[in-house]
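The values are calculated or read from the model by the stated rules, or taken from the named source; none is laboratory data. Just so we're clear, the structure is a prediction, and the values are computed from it rather than from any experiment. Cβ placement follows ideal geometry from the backbone for every residue including glycine, while neighbour counts extend to all protein chains displayed. The accessibility values were calculated without ligands, DNA or RNA, using every heavy atom of the protein model including side chains. Shrake-Rupley method; radii C 1.70, N 1.55, O 1.52, S 1.80 Å.
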Amino acid sequence: MKPEPSVWVTILAGGAGHRFWPLSTPERPKQLLPLASSQPLILDTIERVRGFVPGERLRVLAGEDLVEPIRGATGLGRESFMVETRARGTGPVLARAAWEIERADPGAIMVSLHSDHMIEPVEAFRDVLAAAVDIAHRDRLLLAVAAPPDRPETGYGYIRPGEALPAPAGHRAYRVGAFVEKPGPTRAARYVEEGCRWNTGIFVWAAGVFLQELERCAPEITCALPHLETGDTGAFFEATARISVDEAVLERSERVACIDASFRWDDVGSWESLARNRPVDERGNVIEGEVHLSGSADNIALAGSGRLALLGVRDLLVVQTEHVTLVMPRSESPRLKEYLQGLPPRLLQPASGRGPDSPPG
């Protein structure tokens, strides 16, 4: 019998979370905010895998500027971080993580999670991960966790299921027929009818297998791997292209499969996710803080400082912080990052008097 694989968990925790402005800032991005529960998203993510892997096999992938804020929120030691010296997307950062894991623990399986997902129940999540580890170890495949959709969603990528694969009891796995980028409303509805799945961005693979496929599929990343051999992580991130792992490897590889999620999953990616996951009042309002409503319906309102009064309005997003108050139609909230490009830097970062390190996009 093959020995049980060693499993590592990596958590992608970079990014500024502009879609949650003004609550989210570069110094306190959304992964440090209590958007899915009463504690920061990153801590929710870490607690989901406590007991699934030992603490010494957990790594958080983030920029240097976020290491200390995340340590303060989670209590993790410095050794639990792999620092991304320059933002290059999920392709290079996961390549670096796979290289480090394979060097430290040859043959290990790597689980890649995002720090901003809402998942429940935790037991079902761990069960799916265990099944994915089994398949990745047995068949030497790159596994994505795919969520059966409950609505047409234009903000997610989709996966078209292909040939079925043997899977542990109670699970469904299959080859990937195709990855489909974020669709418009009509196409999203058709994908749901056709049985497509949401691509959750949760991945499971043997680190060595991922590196093999990286070598075969992604020359724009592998050209920089010699820098890791010499220990120069900074040079690696300087030399590699900016590219997602989906584009660099998963959409090009023939060794990609999926396993269905048996848990409820939501990408906490915009203010609208609060309307899906927070309690609503009898008129469809989602509120937090001291918010007073009269004749108002279907609003999202958060008072982080002081009081808010919404009178005779509907379908608004209102977010108040110590420095700024955002008011916009809920229907326009998917364009928030686009609107931020037209605001003065001092409004985007009033605490320090400067804007984000890079324009929203």
- Item | Of all DSSP beta bridges in the chain, antiparallel share, percent nearest 5 | 50
- With the other protein chains left in place, how much accessible area per residue, in square angstrom, belongs to the chain at a 1.4 angstrom probe? 44
- Message: If you average the alpha carbon positions of region 275-297 and of region 206-260, how far apart do those two centres end up, in angstrom?
- Response: 44
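Can you give the Rg to Rh ratio for region 1-151, taking only C-alpha atoms and Rh from Kirkwood? List each step's numbers first, then the result.
Working: Rg = 15.6 Å, Rh = 16.3 Å.
Answer for region 1-151: 0.96.
Considering only DSSP states other than H, G, I, E and B, which chymotrypsin sites (Phe, Trp or Tyr not before Pro) in region 135-176 qualify as loop sites with at most 14 other Cβ atoms within 10 Å? Mind showing how you got there, number by number?
Values: sites: Tyr156, Tyr158, Tyr174; in loops: Tyr156.
Sparse-neighbourhood loop chymotrypsin sites (Phe, Trp or Tyr not before Pro): none present.
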- Each label sits 7 Å from Cα toward the beta-carbon; between Glu181 and Lys337 the label points are separated, in nm, by 1.3
- Whose amide H sits under 5 Å from the amide H of Ala261, counting only residues 5 or more places off or on another chain, with H placed in the peptide plane? Ala146, Ala147
- Note on the structure: Within region 102-144, DSSP-loop trypsin sites (Lys or Arg not before Pro) with at most 16 other C-beta atoms within 10 Å are Arg140
- Item | Per principal axis, descending, Cα span of region 239-360 in whole Å | 57, 42, 20
- FRET efficiency for Val53 and Arg278 from the Cβ-Cβ distance with R0 = 41 Å, rounded to 0.05, comes out at 0.85
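With Rg and the Kirkwood Rh both taken from Cα atoms, where does Rg over Rh land for the chain? Each step should come with its number before you reach the end.
Values: Rg = 20.9 Å, Rh = 21.5 Å.
With Rg and the Kirkwood Rh in hand, the quotient comes to 0.97.
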- Query: Quick one: longest stretch of the chain between exposed loop GluC sites (Glu not before Pro), exposed meaning at most 14 other C-beta atoms within 10 Å and loop per DSSP?
  - Reply: 28-180
- Message: Under 10 Å, Cα contacts only: if you run a Gaussian network model on the chain, which one of Gly295, Gly208, Gly89 comes out with the highest mean-square fluctuation?
- Response: Gly295
- Message: Suppose each label sits 7 Å from its Cα in the direction of the beta carbon; what would the Arg86-Arg103 distance come out to in nanometres?
- Response: 1.9
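So what is the relative contact order of the chain, in percent, for Cα pairs below 8 Å that sit 6 or more residues apart? Don't skip to the answer; put the middle values down first.
Details: 716 pairs, mean separation 64.8, N = 361.
Once normalised by length, the contact order is 18 percent.
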